[in-house]
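Please read the structure below before turning to the comments.
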Amino acid sequence: MYVDQGESRVCGIEFSMGEAPAFIEDDLQKGFSNGFDLKSKDSTPTVIGNKAYLIGGADDESIRVQVLDHSRGGWVNPTVLGTKPKPCKGHSAVPLNEGQILVIQKGSSIDDGVWFLEVDTQYVREQRKILGTEVVAWSKGVKGNAEKPVVISGPSGVGKGTLISMLMKEFPSMFGFSVSHTTRAPRNMEMDGIHYHFTERSVMEKDIKDGKFLEFASVHGNLYGTSVEAVEVVADAGKRCILDIDVQGARSVRASSLEAIFIFVSPPSMEELEKRLRARGTETEEQILKRLRNAQAEMEQGKSSGIFDHFLYNDNLEECYENLKELLGLDGNVTAAPKSSPYGVDLPLDLSISKIDQKIIINRGNPELKTATKDLIGLDLSTLKGGAPRRTRGLNVYAIDSFSDELNGFNQLS
Ligand SMILES: Nc1nc2c(ncn2[C@@H]2O[C@H](COP(=O)(O)OP(=O)(O)O)[C@@H](O)[C@H]2O)c(=O)[nH]1
Ligand SMILES: Nc1ncnc2c1ncn2[C@@H]1O[C@H](COP(=O)(O)OP(=O)(O)O)[C@@H](O)[C@H]1O
């Protein structure tokens with residue numbers, strides 16, 4: 001078991017992966033005279049093998065990392081890859097294995113505060129070869145093992161947005177909307193970042209070129225697209241992602257690595273579709289006519305393309321919504337209430353962390369661990385997937401109750 005002692009560990013330099021070689025100890029001490037502030041509350045040296053990783057302080061708007069590498073003659077500023085954590089009020093770090101350090105940010109919410117610094121994983125080794133420098137890479141720990149995303153397509157005015165709103169309203173903790181980018185102008189009630197990311201065509205075209213989009217298409221004369229980030233932020237929150245995209249977009253997603261279920265919504269008739277579009281009152285006459293012309297082709301493609309797993313017929317809205325819920329497995333027994341879990345809790349400044357096998361215990365400020373209370377949070381590391389340069393998914397965060405096995409194990413070991 002490894003126990004992070006907080007500040008005393010920083011000053012006393014604890015060696016966690018076996019005894020540190022003497023030269024590392026010497027070099028670390030030299031660090032004091034070379035201006036490395038090892039005594040600083042927010043700097044944590046963590047030793048793995050023949051190297052020490054000094055994590056702390058701010059650099060380019062993220063936490064700074066320096067590597068003490070005896071074979072390279074001392075302290076090195078590595079190339080830092082991945083999405084980097086913002087500077088924070090302090091952190092605790094614990095090595096998980098020879099390749100990863102777990103960093104918990106103090107004073108943040110647990111949803112944002114769990115990070116992995118990869119120092120010797122396959123990705124880091126590959127990058128080290130390519131770049132020829134010392135490399136470390138950050139990856140954010142997220143829940144993210146949600147069910148398959150749901151792609152909903154259908155002609156303009158058929159009721160996609162209405163059905164999605166109903167679903168999000170009834171199951172807010174279960175579903176998250178993939179906010180697309182578009183070059184079309186916002187409608188009256190539409191908010192940037194909520195309904196769409198409204199953007200300039202040139203900016204969007206550059207982002208598409210830079211590989212930031214999962215899919216994109218030209219629809220009714222405007223550019224629309226789903227960014228990789230739009231889908232990831234929903235998955236990060238452990239929610240099931242809903243994408244409202246056209247048939248071309250659905251085809252691209254089908255061909256991508258994103259495993260999703262595909263639903264096509266049809267209107268009862270073209271006359272009814274026109275009525276709904278006109279009644280919505282958000283388009284000019286010219287735009288309505290263009291949408292109606294396109295609707296015909298979309299209906300044909302939707303039915304014949306083989307892309308869609310399910311077809312919904314939106315005549316009576318309530319009936320259609322019930323059918324949608326049924327095919328998503330949301331029958332009458334599903335409750336909309338979120339499960340009680342420590343997600344969303346804040347991590348205080350005086351936390352400490354301990355590692356037992358594949359589990360991390362975060363003590364939120366109760367120094368007497370034996371009187372375990374709601375102050376203890378467990379992190380199960382055995383379900384982790386992915387890693388730098390993207391997210392580390394499958395983070396299982398749970399409240400530890402005083403009689404749990406984890407705690408008995410902890411008490412015996414401490
Ligand atoms: N391919 C693709 N289509 C999208 C995306 N976002 C929205 N769309 C589609 O663009 C079309 C027009 O959307 P919008 O302008 O909001 O009009 P509405 O469908 O009449 O509400 C609809 O078919 C949407 O499904 C996206 O990110 N990618
Ligand atoms: N089953 C339905 N019956 C009558 N009106 C509907 C039905 N479903 C949706 N609507 C209405 O039709 C209009 C278009 O729906 P909307 O959800 O904006 O379509 P989409 O997102 O597919 O373009 C809205 O004014 C909505 O209230």
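Condition first: within 14 Å of ligand 2 (Cβ to nearest atom) and of a type in the set (Lys, Arg). Can you find one or more residues in segment 192-205 that meet it? No: zero hits. Out of 95, 78, report the one residue that is buried (at least 19 other Cβ atoms within 10 Å of the Cβ), farther than 16 Å from residue 353 by Cα and either of a type in the set (Asp, Glu) or modelled with pLDDT of 85 or more (or both). After ruling out the rest, the residue left standing is 78. Scanning segment 205-227 for residues that are under 22 Å from the mean Cα position of the chain (by Cα) and not aromatic (Phe, Trp, Tyr) yields a total of 10. Here segment 298-321 is the region considered, the condition is being within 12 Å of ligand 2 (Cβ to nearest atom) and in a helix (DSSP H, G or I), and the residue that is nearest to residue 167 (Cα to Cα) is 321.
Would you confirm, using the coordinates I've provided, whether residue 127 is at pLDDT 85 or above and crowded, with 22+ Cβ neighbours inside 10 Å?
Values: at pLDDT 85 or above: yes; crowded, with 22+ Cβ neighbours inside 10 Å: no.
Answer is no for this residue.
For segment 50-72, the condition of being touching a Phe, Trp or Tyr at 6+ places or on another chain (Cβ under 9 Å) and in a loop (DSSP other than H, G, I, E, B) holds for at least one residue. Contact map, segment 186-200: residues that are within 14 Å of residue 161 (Cα to Cα) paired with residues that are among the acidic types (Asp, Glu), Cβ distance under 7 Å, separation 6+ or inter-chain. Pairs shown: 196/190.
If you check 292, 273 for being in a helix (DSSP H, G or I) and more than 27 Å from residue 328 (Cβ to Cβ), only one passes: 292.
Only one of the numbered conditions (1) within 20 Å of the chain's Cα centre (by Cα); (2) more than 16 Å from ligand 2 (Cβ to nearest atom) is not met by residue 255, and that is (1).
Each row is one residue, and each column tells you yes or no for (1) free of Cβ contacts under 8 Å to residues at least 60 places away in the same chain; (2) assigned to a strand (DSSP E or B); (3) of a type in the set (Asp, Glu).
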{"site": "81", "(1), (2), (3)": "no, yes, no"}
{"site": "84", "(1), (2), (3)": "yes, no, no"}
{"site": "87", "(1), (2), (3)": "yes, no, no"}
{"site": "92", "(1), (2), (3)": "no, yes, no"}
{"site": "101", "(1), (2), (3)": "yes, yes, no"}
{"site": "117", "(1), (2), (3)": "no, yes, no"}
{"site": "129", "(1), (2), (3)": "yes, no, no"}
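When 133, 162 are checked against the criterion of being away from ligand 2 (no atom under 14 Å from the Cβ) and surrounded by fewer than 21 Cβ atoms within 10 Å (Cβ to Cβ), a single residue qualifies: 133. Screening residue 252 against (1) small (Gly, Ala, Ser); (2) away from ligand 1 (no atom under 12 Å from the Cβ); (3) without any contact (Cβ under 8 Å) to a residue 40 or more places away in the chain; (4) within 22 Å of residue 298 (Cβ to Cβ) leaves a single unmet condition, (2). Selection within segment 147-163: residues that are near ligand 1 (Cβ under 10 Å from one of its atoms) and not in a loop (DSSP other than H, G, I, E, B). The member of this set that is farthest from residue 207 (Cα to Cα) is 162.
Determine, yes or no, whether residue 172 is in the same structural domain as residue 320 (by the TED database), out of contact with any strand residue (DSSP E or B) (no Cβ under 7 Å at 6 or more places or on another chain) and more than 14 Å from ligand 1 (Cβ to nearest atom).
Numbers: in the same structural domain as residue 320 (by the TED database): yes; out of contact with any strand residue (DSSP E or B) (no Cβ under 7 Å at 6 or more places or on another chain): yes; more than 14 Å from ligand 1 (Cβ to nearest atom): yes.
It is true that residue 172 is in the same structural domain as residue 320 (by the TED database), out of contact with any strand residue (DSSP E or B) (no Cβ under 7 Å at 6 or more places or on another chain) and more than 14 Å from ligand 1 (Cβ to nearest atom).
Scanning segment 20-65 for residues being at pLDDT 65 or above, closer than 18 Å to residue 99 by Cβ and not basic (Lys, Arg) gives a total of 12. When the residues of segment 257-287 are filtered to those that are within 12 Å of ligand 1 (Cβ to nearest atom) and closer than 28 Å to residue 213 by Cβ, the one that is surrounded by the most Cβ atoms within 10 Å (Cβ to Cβ) is 264.
What do you reckon, is residue 144 assigned to a loop (DSSP other than H, G, I, E, B), at pLDDT below 95 and either more than 8 Å from ligand 1 (Cβ to nearest atom) or not acidic (Asp, Glu) (or both)? Taking the combined requirement at face value, the residue satisfies it.
Cβ-Cβ distances below 7 Å connect the following pairs, each with a first residue in segment 208-229 that is of a type in the set (Val, Ile, Thr), a second residue that is modelled with pLDDT of 95 or more and within 16 Å of ligand 2 (Cβ to nearest atom), and a separation of six or more residues or different chains: 219/246; 226/178; 226/180; 226/243; 226/245; 226/249.
Kindly indicate the residue of segment 288-318 that is acidic (Asp, Glu) and within 21 Å of residue 242 (Cα to Cα) and also surrounded by the fewest Cβ atoms within 10 Å (Cβ to Cβ) among those meeting that condition. If we take residues in segment 288-318 being acidic (Asp, Glu) and within 21 Å of residue 242 (Cα to Cα), then 318 is surrounded by the fewest Cβ atoms within 10 Å (Cβ to Cβ).
Confirm whether residue 180 is under 30 Å from residue 110 (Cα atoms) and either within 16 Å of ligand 2 (Cβ to nearest atom) or not polar (S, T, N, Q) (or both). Before the answer, list the steps.
Working: under 30 Å from residue 110 (Cα atoms): yes; either within 16 Å of ligand 2 (Cβ to nearest atom) or not polar (S, T, N, Q) (or both): yes.
So residue 180 passes the test.
The values are calculated or read from the model by the stated rules, or taken from the named source; none is laboratory data. Predicted model, so just to flag it, every value in this text is computed and none were measured. Here Cβ is always computed from backbone atoms with ideal geometry, including for glycine, and neighbour counts include all displayed protein chains.
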